[in-house]
Amino acid sequence: MVRINAWRRKARKVFFFEKKKQKTFVLGASETRQRAASSARDGEVQTHMSHYDLIVVGSGPGGAALAHRLAPTGKKILLIERGDYLPRAQANWDSKTVFVDGTYQASETWYGADGRSFHPGLHYYVGGNSKMYGAALFRLRERDFGEIVHQHGISPAWPLSYVDFEPFYTEAETLFAVHGQRGEDPNEPPASGPYPHPPVSHEPRIQALSDSLAADGLHPFHLPLGIKLTEHNGKPTPTSVCIRCDAFDGFPCLLNGKADAQVMCVDPMLASHPNVELLTNTLVTKLQTDPTGRSISGVHGVREGEQLVLTADIVVVACGALSSALLLLRSGNDAHPGGLANGSGQVGRNYMRHNQSVLMALLREPNDTVFQKTLAVSDFYFGADDWDYPLGLIQMCAKSHGDQIKGELLPGTLDFLPDMPFETMARHSMDFWLSSEDLPRPENRIYYDGERVVLDVHEQGGEAHRRLKKKLEYHLSRNAAHLVLLERKLYLGKGIPIGGTAHQAGTARFGTDPASSVLNLDCRAHEIDNLYVTDASFFPSIGAVNPTLTIIANALRVAAHIQQRLCA
Ligand SMILES: Cc1cc2nc3c(=O)[nH]c(=O)nc-3n(C[C@H](O)[C@H](O)[C@H](O)COP(=O)(O)OP(=O)(O)OC[C@H]3O[C@@H](n4cnc5c(N)ncnc54)[C@H](O)[C@@H]3O)c2cc1C
Ligand code: SF4
């Protein structure tokens, strides 16, 4: 008999199947729907395993947006997340805790192809890496969907065009509360409507920078941001969730003001759709196929030492591009000897992550901006007067904090302020994040070497990125005397370059040819009828804008397809 608490109106259960003992454990609704589910209830024995219409693995933007879109179907949906809810605490906003100690970073050790170990910049929480992200939510440019010639090679065309994605970009911007201003960004793609929210206003120093860049002939624009902010005269209103603090970038938001996947998708979905369950602290270890190899017949996981097997009509993997590839690779079987859905040999390959730098401009005058991440420049996205190839995107990021600078061991002597203490340096800083496109190359890949995870990255496209930095330096020096531009690395994860996995993409690309791609145009595995992947694995190229709005838009696109299938 199953014990059902009085308050449980519906006996929604997750069944734990411990293979060795051939015993199935039951978890009730409270454990699965609420955070911090902690222990299975031994002794509640069932004779059958639980079956879902849909299982989604990973609660980051790619998994959560898809589940959120499908929740109103009433289908039985299980969202599985290896991490827990990120604890809300004042330490969320402490730069030493976040950047120097890396408290929220996953304690993974991976290896480069040279055998050197590193810690990837991954975050295992409900909401995934979006708990830490900067919420700059860009659409890819229309030309990014076509072939683009770079100095160091070709960025391949996507098998679908921007027009195919446009309605889903619009839906994604609404879902993630994007603030912005159409018509300012000289390279923005056509959109079917305005941004759902007005742009986040510049503080006076950033407005002055915007004016001077415009006077230089550039087209600075308001950075599109996913944020729960309402402003009046540049100040948050009394009811605004976001308070425009100095921790909007790389920090989790203590107030849930950032539009991350937990806040925008998981929490509202669980609150209003009892057909959806969330299972936290559950690592999916393997996907099992039926004997034909054409269908996923079991999702194997481990939760606090207990093995579990769950089944679903459709399984969606959205573990992040690197972790999804690893899951497919370790799920190989007789029907899929090189890893699941890997007949093409492309799983784990074509890894892209942007060429990126975080730069701190040290100004003679203090910069008292609090919320700095409001401006971007795309004038050099596809080239420059002195360069025929794409350079990339410049955007602002959060103000440097003294602890971060100290943690990054910047040069001890600076010519114009030799004894500058770290807090003073932070006060004089103005901070930028630069990204240039890197190209999909088969040799850039993630794979297992025995038990070890190896990430093989060959740097490329350095000249375009170097020129982009020079452009920024040139334009800043025209309006800020005695400028010093310093490279920073903690923001994107310790040990850049290889540990900088924030913008991971491309490890299971979509396409029409099963010989050269892993997924078809619906992001379904060519070789497995009920397996989809909806993180950035599917990207054939990455452009130079931040990837998450495209991940969300694609997840919504795939959800529309799965809805037809589930409800047929
Ligand atoms: C510091 C930082 C700043 C960033 N800033 C921006 C920005 O401004 N704009 C932007 O567009 N992007 C930004 N990004 C990138 C952005 O966070 C990612 O693009 C986005 O989170 C990817 O979403 P996803 O769902 O594909 O994967 P993830 O967010 O990585 O989510 C995957 C989830 O799957 C879970 N998981 C993994 N493996 C398993 C398993 N085997 N079993 C169960 N669960 C599993 C993980 O715990 C995780 O919760 C930033 C990232 C970082 C780290
Ligand atoms: S700026 Fe707003 S969203 Fe960002 S951390 Fe502060 S309160 Fe949260």
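For the stretch 174-220, the fraction of C-alpha pairs more than 13 angstrom apart is 64%. Given only helices, namely DSSP H runs of n ≥ 4 each adding -39500 (n - 2.57), what is the per-residue ellipticity at 222 nm of the chain, to the nearest 500 deg cm²/dmol? Result for the chain: -5500 deg cm²/dmol, rounded to the nearest 500. DSSP finds beta bridges in the chain, and of those with both partners inside it, around 75 percent are antiparallel. The Asp114 and Glu463 beta-carbon pair, evaluated with R₀ = 30 Å, returns a calculated FRET efficiency of approximately 0.80. Using alpha carbon coordinates only, what is the Rg to Rh ratio of the stretch 329-413, with Rh defined as the Kirkwood radius? For the stretch 329-413, the value is 1.21. The charge dipole of the chain, taken about its Cα centre with unit charges on the Cβ atoms of Lys, Arg (+1), Asp and Glu (-1) only, comes to about 1940 debye. Full extension of the chain between Asn333 and Ala568 gives 81.5 nm of extra length, using 0.36 nm per residue less the Cα-Cα distance. Around Gly348, under 14 Å between beta carbons, what's the net of Lys plus Arg minus Asp minus Glu among the other residues? Computed value for this residue: +3.
When Rg and Dmax are taken over the Cα atoms of the stretch 505-568, they come to 11.8, 38 Å. Among Val316, Val200, a tally of other beta-carbon atoms within 10 Å of each Cβ gives an order, fewest to most, of Val200, Val316.
One quarter of the convex hull surface built on the alpha carbon atoms of the chain amounts to 26.0 nm², the projected area averaged over directions. For Lys96, project a label point 7 Å along Cα to C-beta. Then give me every residue of the stretch 421-465 with its amide nitrogen under 19 Å of that point. Answer for this model: 421-427.
Residue by residue, the stretch 104-119 carries 3J(HN,Hα) couplings of 8, 6, 5, 8, 9, 10, 10, 10, x, 5, 7, x, 7, 7, 7, 10 Hz when phi is fed to the Karplus relation 6.51 cos²θ - 1.76 cosθ + 1.60 (θ = phi - 60°); x denotes Gly or Pro.
If r is the Cβ-Cβ distance from Val302 to His152 and R0 is 35 Å, what FRET efficiency results, to the nearest 0.05? In this case the efficiency is close to 0.25. Size descriptors for the stretch 252-394: radius of gyration and Dmax over Cα atoms are 22.4, 69 Å. With 30 Å as the limit, the listed pairs Lys96/Lys373; Lys75/Lys373; Lys131/Lys399; Lys131/Lys471; Lys131/Lys470; Lys258/Lys470 have Lys75/Lys373; Lys131/Lys471; Lys131/Lys470; Lys258/Lys470 beyond it between alpha carbons.
Projecting the Cα atoms of Leu327, Leu363, Tyr351 onto the dipole axis of the chain, where Lys and Arg carry +1 and Asp and Glu carry -1 at the beta carbon, places Leu327 farthest toward the positive end.
Counting beta carbons within 10 Å around each of Ser344, Ser541, Ser107 and listing the fewest first gives the order Ser107, Ser344, Ser541. Counting charges near Asn92 (Lys, Arg +1; Asp, Glu -1) among other residues having Cβ under 14 Å from its Cβ returns a value of -1. Legend: translational diffusion of the stretch 161-306 by Stokes-Einstein, Rh = Kirkwood radius over C-alpha pairs, 25 °C, 0.890 mPa s; D = 129 µm²/s.
Whole-Hz Karplus values for the stretch 146-157 come out as x, 6, 10, 8, 10, 4, 9, x, 10, 8, x, 6 Hz, taken residue by residue from phi with 6.51 cos²θ - 1.76 cosθ + 1.60 and θ = phi - 60°; glycine and proline positions read x. Here the stretch 55-196 is assigned +1 on the Cβ of each Lys and Arg and -1 on the Cβ of each Asp and Glu. Its dipole about the Cα centre then comes out at about 460 debye. Electrostatic bookkeeping for Gly301 treats Lys and Arg as +1 and Asp and Glu as -1; over the other residues with beta carbon under 10 Å from its beta carbon, the sum is +2. Cα-Cα pairs above 19 Å in the stretch 103-170: how many percent? That tail contains 62 percent of the Cα-Cα pairs.
Computed from the coordinates by the stated procedures, all read-outs in this text should not be read as laboratory data. Since the structure is predicted, the reported quantities are computational estimates derived from the model, not experimental observations. Positions of Cβ are backbone-derived with ideal geometry, glycine not excepted, and every protein chain shown enters the neighbour counts.
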